[in-house]
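Working notes, structure below.
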Amino acid sequence: MVLVFTFTSIGCKDHVEEQCQRACGIFVDCIEKEFNTKAKSNFKNQLKTQCMDGCTTHNSEILQCFETESNSCKTYSNCLKDMGTFE
């Protein structure tokens with residue numbers, strides 16, 4: 001029973017991490033579009049790391065925005081702001 005729970009938890013975590021990776025990739029792309037510039041790789045990595053930290057902590061809010069609003073940078077960022085993920 002414990003073994004089944006362990007493998008199920010690992011599978012769920014991997015799924016959330018995969019979704020967060022996608023959501024944070026789009027988030028970084030949106031930042032670049034908003035400021036009309038290509039961010040330096042160390043800054044992009046920092047943004048993505050911070051996003052991943054937030055996503056793993058607040059994944060339900062961030063992933064909800066990603067699933068419903070990721071077709072537009074403006075609606076995606078507004079959703080994230082409205083959810084309070086940037087506070």
*Cut-off 19 Å (backbone N to label point 7 Å along Cα→Cβ of Glu32), residues of the stretch 52-87*: 52, 70-77
*Obtain the nm distance between the two label points defined at Ser60 and Asp82 by a simple spin-label model: each point lies 7 Å from its Cα along the Cα-to-C-beta direction.*
1.8
_Quick check: net charge around Glu32, other residues with Cβ under 13 Å of its Cβ, Lys/Arg +1 and Asp/Glu -1?_
+3
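Values quoted throughout were computed directly from the atomic coordinates according to the rules given, and no laboratory measurement underlies them. These figures come from a predicted structure and were not determined experimentally. No Cβ is skipped: glycine too gets one built from the backbone with ideal geometry, and neighbour counts run over all protein chains shown.
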